[in-house]
2 protein chains.
Amino acid sequence: MAGTGRPTVRDVARHAGVSVATVSRVTHDDPVVTGGTRDRVLASMQALGYTPSVLGSGLAYQRHHTLGVVLPGLGGPYFAALIQGAESVAAEAGVAVNVLGTHLRHDAVQAVHQLALRTDGLIVQGGTVPDDLLGAIAEKLPVVLVAGEHPDLVTVRTDGRAAARGLTAHLVEAHGHRRLRFVGATHGSPDTTARYAGFRDALAAAGLAEHGEPVRHGLEARYGAMAARQLHAEGDLPDALVCANDELAFGVLATLPGLGVAIPRDVAIVGFDDLDLAALASPTLTTVHQPVHDLGSTAAELVLAATRRSREPFAPLPPDDRVLPTRPVLRESCGCST
Amino acid sequence: MAGTGRPTVRDVARHAGVSVATVSRVTHDDPVVTGGTRDRVLASMQALGYTPSVLGSGLAYQRHHTLGVVLPGLGGPYFAALIQGAESVAAEAGVAVNVLGTHLRHDAVQAVHQLALRTDGLIVQGGTVPDDLLGAIAEKLPVVLVAGEHPDLVTVRTDGRAAARGLTAHLVEAHGHRRLRFVGATHGSPDTTARYAGFRDALAAAGLAEHGEPVRHGLEARYGAMAARQLHAEGDLPDALVCANDELAFGVLATLPGLGVAIPRDVAIVGFDDLDLAALASPTLTTVHQPVHDLGSTAAELVLAATRRSREPFAPLPPDDRVLPTRPVLRESCGCST
DNA sequence: GTCTTGCTTGTAACCGGTTACGTCTGCACA
DNA sequence: TGTGCAGACGTAACCGGTTACAAGCAAGAC
């Protein structure tokens, strides 16, 4: 009985005078269904307004048609681009994307477990999930780690260390800066940890010492503003600030000039990520271009490819490490082309 | 048989020597199950590592245990706060949140339809979904509109028009500004449309005309930077800029000083939303505090309450309009307490 | 005319929970 | 001892698709 709800396969089958198997075959474009029958079924679907139930097919296929993405937070253009990259691939495959921001949750570990129960695969940003939990989950379903390193997993990342080394060297060699300071968390996020390491590499190579401990607050714009205020209050401004990401750099850019510090005249600034705003702020921001969108889409492709595999007992993905290229973008904030 | 996959109710039932019904009752804390049996079942669950399948219970309950959120984009702290608000309520109810950014998708309408098929209810940001589509979806499942108006739906919003009127009046009355210009899209987003209307209200009340057309680019930080560059290039700076939101204001703040324009000395700036960064940037940003988190949590509560209702044929939610309070926050960027 | 062969279509079991209804047990009471 | 009743638990149907296998049928080979 069509009852009160949506039509089901059986309704369509009855209406078209065929069996449910045939209806199912038509929805899957199975070529064995002959022209006449096929048209009749399609007409019935149209007439009844039939759409396959996600719930029903999910059970039958043992698949959620959902991809999980675990990020520290939801704010910020970096994550927006990452999600967009993942979603563009997922949409293609008729898969929904479920995002989890762990920093928003007091019960992050529980939340990740929950997410794992309702998705077919996970994309995890480095630093959001403890390694052991990550390993345990990877036993059960495909996991790809983004912007992080792990010997037993599939990882998609950039070589942040080398890029940061190069950019820092530019400040030293091209602009003669000798007192450099790092802004941004240096642990927790493998991504920024690598950048900090590259920063130190370059200083060591030039025989310089850090001009003070890294200014550690967080990785969002507002922490850049806090860092700027702290530096200004301390009174001992370095020649250049190397920010862990562009967001922090923007926070600095929206604060220091208001406090009477000119950029790059009094202090040079560089960021990391090359967000859209980097080319528009004033001064324009020197940074490292990262293929964030591609990071997301590549990760999604790897996960989805794995979910498509046979229905046999799940086997963890063989480890793999994909390193996507970066490119330094020299603009005004470091002192170039002012 | 236990086969290769996860244990099912039948596995637990066999292991505990009871029926599947009893197992199901135990997972639901049904008090009719007696102590001894109950303990035995719990022990078996523990022993087998049983977790109910989301797929199976979803089918039986006809529920996805998922809440959909439709936003224009994913970037930006405003949406992050909104999602966080919704997620905090959803997590409580064991419901996942599925976010869709329509501006990222060329096939937004299709995507919304898809989302509606896999969620139990929808939270929709005003301006993202055409009114007729919204109405059609509301016939099928609970929908709450956030930051928008609609006579037939449940809406959760703030009175942006009144707030913008008040803030604009402050610029005119307290600081004597007479040449004011609006920055931000004035259509598409009902939210910013209302703010623009309030801006005009205040000017009209003061007998002033707008100092030029609104600078329309978009609603993200980078468009604020573009607006700043455009204004600077035009050379005819107004006394004050009223930005449609804080993000735009930050874009301006990260650009104008670098171009030699002091804030608020040369031009005053106000925003809207009171993001975290507003109190930290320099100058600190005068804005309107909005309970964005509450907007999200309230919307989620309304949707979830509706999904919990009987399994009888779905009836659209009765229209309702919830207006949450706002509060002006006067800081340095308008010229106050400099 | 019978037997293959090959193609289209149908039957029914299954995915993993949920739950209406029925059964069984034990106890109180007549 | 028989009857009624309530509480604890089991049976089996169902949610809406999918699919292995079987069945039906027509055309071609002999």
From the residues in the stretch A:30-43 that are at pLDDT below 90 and out of contact with any helix residue (DSSP H, G or I) (no Cβ under 7 Å at 6 or more places or on another chain), which one is surrounded by the most Cβ atoms within 10 Å (Cβ to Cβ)?
A:D30
Test B:L171 against the criterion of being within 14 Å of another protein chain (Cβ to nearest Cβ) and either in contact with a strand residue (DSSP E or B) (Cβ under 9 Å, 6 or more places away or on another chain) or not acidic (D, E) (or both), and give yes or no.
no
Within the stretch A:25-54, tally of residues that are under 19 Å from B:L59 (Cβ atoms) and within 8 Å of DNA strand C (Cβ to nearest atom):
0
Reported set for the stretch A:1-41 where residues are among the charged types (D, E, K, R) and within 10 Å of DNA strand D (Cβ to nearest atom) is A:R6, A:R10, A:D11, A:R25, A:D30
Has the stretch B:64-87 got any residue that is assigned to a helix (DSSP H, G or I), buried (at least 21 other Cβ atoms within 10 Å of the Cβ) and of a type in the set (V, I, T)?
yes
A:V183 meets each of (1) surrounded by 15 or more Cβ atoms within 10 Å (Cβ to Cβ); (2) more than 24 Å from B:L277 (Cα to Cα); (3) not hydroxyl-bearing (S, T, Y) with one exception, condition (2)
Tally of residues being near DNA strand C (Cβ under 9 Å from one of its atoms), away from chain A (no Cβ under 14 Å), under 16 Å from B:T51 (Cα atoms) and of a type in the set (G, A, S) across the stretch B:1-24:
3
Can you go through B:T192, B:T255 and tell me which one is farther than 14 Å from B:G160 by Cβ and crowded, with 21+ Cβ neighbours inside 10 Å?
B:T255
Within 14 Å of another protein chain (Cβ to nearest Cβ), within 14 Å of DNA strand D (Cβ to nearest atom) and either without any contact (Cβ under 8 Å) to a residue 40 or more places away in the chain or in a helix (DSSP H, G or I) (or both): is that true of B:G58 in this structure?
yes
From the set of residues in the stretch B:225-238 that are in a loop (DSSP other than H, G, I, E, B) and touching a Gly at 6+ places or on another chain (Cβ under 8 Å), which is surrounded by the most Cβ atoms within 10 Å (Cβ to Cβ)?
B:P238
Looking only at residues in the stretch B:104-130 that are within 18 Å of the chain's Cα centre (by Cα) and farther than 20 Å from A:A80 by Cβ, which one is modelled with the lowest pLDDT?
B:P130
Members of the stretch B:217-236 found to be without any contact (Cβ under 8 Å) to a residue 60 or more places away in the chain and among the acidic types (D, E), listed by number:
B:E234, B:D236
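The values are calculated or read from the model by the stated rules, or taken from the named source; none is laboratory data. Here the structure is a predicted model, which is why all the values come from computation and not from measurement. Reconstructed Cβ throughout: ideal geometry from the backbone, glycine too, with neighbour counts over all protein chains shown.
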